[in-house]
Amino acid sequence: MANGIRYFVGNWKMFGIPSSYKILDKINGYFIKDKKNNKKYKIIIAPPLTLLQDFSKRFKNKKINISAQNCYHKDNFGAYTGNVSPFMIKKLGINYIIIGHSENRASGENNKIIKEKVALALKNNFTVIFCIGENKQEKKNKKTIKVLKKQVSKVIKNKYNFKNIIIAYEPVWSIGSGKLPSPHELKKNAIELKKFLREKFRLNYNPKLLYGGSVDKNSVHAFKSIKELDGFLIGGASKSSKNFVDIIKNFYK
Ligand code: 13P
């Protein structure tokens, strides 16, 4: 069961310019006003790299947490043109980082690279939002759980402190498509995945699990009864303050 704090994480992907901080100002304003529920959830927004430094400063003492969307798989400084290390991102005061997103996997990131990224992110004291998910064919072949277990096992080492890892289950076929798993199916997968994580990593607490894929103010209704979910990773609907806030409103309605 997810009895702790809920997470509403916005992944902006390739979206946002300096003036887009206004979107976060509005979300922050809603959080402050939402006295009834705001102790129950946390908001994290992942803008593109170009905005991390500015947003990190602007929202330092506010209610929005800033996350990076990715990092390079080598740390510190080096001759890696165009890349940014976990160390460099951490120095901006950022505490969260998304790693293993299927869009990055699709453009060539493999388990070996993802494993290095997670290791370096944890070494730099990030909380890692680690994305896993099956594609359409794997779902069709009923391989979902097998795929999820493999993606975890190839990357997460037994010695890691799972308190610094949030698993984001994002079925690839659901991202940006408007297609959703049925609540029954999602609940079943969430239960099985959490059980696997507790056993494999010998946890005496429940690891955190988010769902991502076409979450918006309408679809969130279907998922709020799934107590095993600790929150949502939201793409398209996180780019507008209204759409993002409506998800939170409808979740607690
Ligand atoms: P959408 O919410 O646009 O489907 O994207 C989900 C996602 O990929 C978040 O990381």
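The values are calculated or read from the model by the stated rules, or taken from the named source; none is laboratory data. Quick caveat, the model's predicted, so the values are computed rather than measured. Backbone-built Cβ (ideal geometry, glycine too); neighbour counts: all protein chains shown. Side chains included, ligands, DNA and RNA excluded: accessible areas come from the protein's heavy atoms. Shrake-Rupley method; radii C 1.70, N 1.55, O 1.52, S 1.80 Å.
Among the numbered conditions (1) on the phi > 0 side of the Ramachandran plot; (2) open to solvent by less than 10 Å² (accessible area, probe 1.4 Å); (3) among the small types (Gly, Ala, Ser); (4) within 10 Å of the ligand (Cβ to nearest atom), tell me where Gly212 comes up short.
If we test Gly212 against (1) on the phi > 0 side of the Ramachandran plot; (2) open to solvent by less than 10 Å² (accessible area, probe 1.4 Å); (3) among the small types (Gly, Ala, Ser); (4) within 10 Å of the ligand (Cβ to nearest atom), just (1) comes out false.
Would you check if there is a residue in the stretch 236-247 being in contact with a Ser or Thr (Cβ under 7 Å, 6 or more places away or on another chain), within 18 Å of Glu103 (Cα to Cα) and within 12 Å of the ligand (Cβ to nearest atom)?
no
Could you check the stretch 1-37 and list, in sequence order, the residues that are within 19 Å of the chain's Cα centre (by Cα) and either within 19 Å of Ser225 (Cα to Cα) or among the acidic types (Asp, Glu) (or both)?
Met1, Ala2, Asn3, Gly4, Ile5, Arg6, Tyr7, Phe8, Val9
For the stretch 175-203, how many residues are in contact with a helix residue (DSSP H, G or I) (Cβ under 9 Å, 6 or more places away or on another chain) and within 16 Å of the ligand (Cβ to nearest atom)?
7
Which of the following residues is touching a helix residue (DSSP H, G or I) at 6+ places or on another chain (Cβ under 7 Å) and either open to solvent by 90 Å² or more (accessible area, probe 1.4 Å) or within 16 Å of the ligand (Cβ to nearest atom) (or both): Ala68, Ala79?
Ala68
Any residue at all in the stretch 105-121 that's within 16 Å of the ligand (Cβ to nearest atom), open to solvent by 20 Å² or more (accessible area, probe 1.4 Å) and within 17 Å of Ala46 (Cα to Cα)?
No, every residue in the stretch 105-121 fails to be within 16 Å of the ligand (Cβ to nearest atom), open to solvent by 20 Å² or more (accessible area, probe 1.4 Å) and within 17 Å of Ala46 (Cα to Cα).
From Glu192, Glu199, grab the single residue that is open to solvent by 50 Å² or more (accessible area, probe 1.4 Å), within 20 Å of Lys140 (Cβ to Cβ) and either aliphatic (A, V, I, L, M) or more than 18 Å from the chain's Cα centre (by Cα) (or both).
Glu192
Take Arg58 and tell me if it is open to solvent by 60 Å² or more (accessible area, probe 1.4 Å) and among the charged types (D, E, K, R).
Yes.
Listed here are the residues, each with its yes/no results for (1) part of a helix (DSSP H, G or I); (2) of a type outside the set (Val, Ile, Thr); (3) touching a helix residue (DSSP H, G or I) at 6+ places or on another chain (Cβ under 9 Å).
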| site | (1), (2), (3) |
| --- | --- |
| Val215 | no, no, yes |
| His221 | yes, yes, yes |
| Ser225 | no, yes, yes |
| Leu229 | no, yes, yes |
| Leu233 | no, yes, no |
| Phe244 | yes, yes, yes |
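Can you tell me which residue within the stretch 86-100, out of those that are open to solvent by 10 Å² or more (accessible area, probe 1.4 Å) and in contact with a strand residue (DSSP E or B) (Cβ under 7 Å, 6 or more places away or on another chain), is farthest from the ligand (Cβ to nearest atom)?
Per the stated criteria, the residue is Asn95.
Tell me, please, whether a residue that is surrounded by 13 or more Cβ atoms within 10 Å (Cβ to Cβ), in contact (Cβ under 8 Å) with a residue 40 or more places away in the chain and within 12 Å of the ligand (Cβ to nearest atom) can be found in the stretch 136-157.
no
For the stretch 49-137, please list each of the helices (runs of 4 or more DSSP H) lying entirely inside it that holds at least 2 residues being over 24 Å from Glu170 (Cβ atoms).
Ranges flagged: 49-58, 86-90.
Can Ile23 be described as in contact with a Leu (Cβ under 8 Å, 6 or more places away or on another chain), β-branched (Val, Ile, Thr) and within 16 Å of the ligand (Cβ to nearest atom)?
no
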